[in-house]
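The values are calculated or read from the model by the stated rules, or taken from the named source; none is laboratory data. In this text, all values refer to a predicted model and were calculated from it rather than measured experimentally. Cβ placement follows ideal geometry from the backbone for every residue including glycine, while neighbour counts extend to all protein chains displayed. Surface areas here come from the heavy atoms of the whole protein model, side chains and all, with no ligands, DNA or RNA. Shrake-Rupley method; radii C 1.70, N 1.55, O 1.52, S 1.80 Å.
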Amino acid sequence: MSSYMKPLKKKLRFEVNLVEHCNLNCIGCDHFSPVAEEGFTDVDKYERDLIRLSELFGDDVSSITLVGGEPLMHPQLIEFIKRSRRHFPKTGLGLFTNGILLTRMPAQFWEACRDEKVVIIITNYPIKIDNDKIRQLTGEYGIQLDYSWENKLKTMHKLVLDPEGKGDVDYNFKKCYRSNSCIFLQDGRLYTCTVAPTAHHLNKHFDQKLEMSEKDSIDIYQAQSANEILEFLRRPIPFCRYCDMHTKIKGITWKQSDKKLTEWYLTDEEKKKRDFWRKVRGIFGRK
Ligand code: SF4
């Protein structure tokens, strides 16, 4: 039984995948989209989850972020926007995109973003998109546009998974920037991060056996209160045993995925380094 907890959040904020696959496919994507089969979230099921969350949290949902895969690929994207706003009139509503499809979106999309006060956030990948046109369109419609990684060269952090699953869940959860932060809604359940709910794509594509269980998430229909959910989200989950938060591999030059397992698992060379540092930690009696 784990004892570690992150600070209790006062409000919920969550993200939701509209589309599992992507039109860009970044190396080491932490939603595993490069190896995901085509998949679209059902907007009616999503709305049921919104209704349940609004019963539990009322106005205490600070933000909802529509993500993917690439969310602009969902044919009912406008419905996701409208229904999110219908059930959460005071909540910040964001749309995270790689921007590739933005200049081809119809007027109804821009009107929905304007009317429902959606903030469009583009991750600044080193790819060619027409930022002048995008700025012109968002300006014309009066839509807030933000860039993540603006004025910086986008690099990637490797999400290191260890299929042996012998990691210390408390340590990994504590050191993880996603835990209790990148909260994820999927099929009526909330997860403390984006990794546990999407790693099934890796299992399927590479025939891996990372185990997932109901203990990795909380059922929003079984939960009795908002507090019960917030308490769950601040604690480690069994899946944390697969994340290796000791091994930090940062600053990877962005490129498209080659769909290799070593984008998420360590290469032989990286394993040697990990084993060396494990030994050093052992000598000093550190975890
Ligand atoms: S499973 Fe645990 S350690 Fe891994 S990303 Fe999620 S919260 Fe972080």
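Side notes on the structure shown:
- Degrees, to the nearest 10: 268-283 long Cα axis against longest axis of the chain: 60
- Distant alpha-carbon pairs in the stretch 204-287 (separation over 21 angstrom), percent: 55
- Ordered from highest to lowest accessible area with the whole protein assembly present and a 1.4 Å probe, Arg52, Arg278 read as Arg278, Arg52.
- Counting only protein heavy atoms and using a 1.4 Å probe, the accessible area of Arg241 comes to about 60 Å².
- The label-point distance for Asp170 and Tyr141, in a model that sets each label 7 Å from Cα toward Cβ, rounds to 4.9 nm.
- Summarising the overall dimensions of the stretch 17-79 from its C-alpha atoms, the Rg and Dmax are 13.4, 39 angstrom.
- Listed residue pairs exceeding 23 Å between alpha carbons, taken from Lys166/Lys255; Lys204/Lys250; Lys82/Lys133; Lys128/Lys152: Lys166/Lys255; Lys204/Lys250; Lys82/Lys133
- Kirkwood hydrodynamic radius computed over the stretch 133-287 comes to 18.0 Å, based on all pairs of distinct alpha carbons.
- Farthest towards the positive end of the charge dipole of the stretch 54-103, among the residues Gly68, Ser54, Ile81, is the Cα of Ile81, using unit charges on the Cβ of Lys, Arg, Asp and Glu.
- Put a dot 7 Å past the Cα of Glu270, heading toward its Cβ, do the same for Asp207, and the two dots end up 2.3 nm apart.
- With all pairs of different C-alpha atoms in the average, the Kirkwood value for the hydrodynamic radius of the stretch 157-222 is 12.9 Å.
- Taking only the Cα atoms of the chain, the radius of gyration and Dmax are 19.5, 63 Å.
- Extension gain for Phe284 to Lys154 (0.36 nm times residue separation, less C-alpha to C-alpha distance): 43.2 nm.
- Accessible area per residue for the chain, computed on protein heavy atoms with a 1.4 Å probe, is 51 Å².
- Scoring 16-24, 111-119 by mean Cβ neighbours within 10 Å over their residues and listing the highest first yields 16-24, 111-119.
- The candidates Tyr177, Tyr147, Tyr221, arranged from most to least accessible area with a 1.4 Å probe in the full protein assembly, appear as Tyr177, Tyr221, Tyr147.
- 10 Å binning of all Cα-Cα separations within the stretch 1-152, expressed as whole percents from 0 upward: 10, 38, 35, 15, 2, 0
- Within the accessible area of the chain (1.4 Å probe), percent carbon and sulfur: 49
- Length gained on full extension, Thr103 to Asp258: 53.1 nm, using 0.36 nm per residue less the C-alpha separation.
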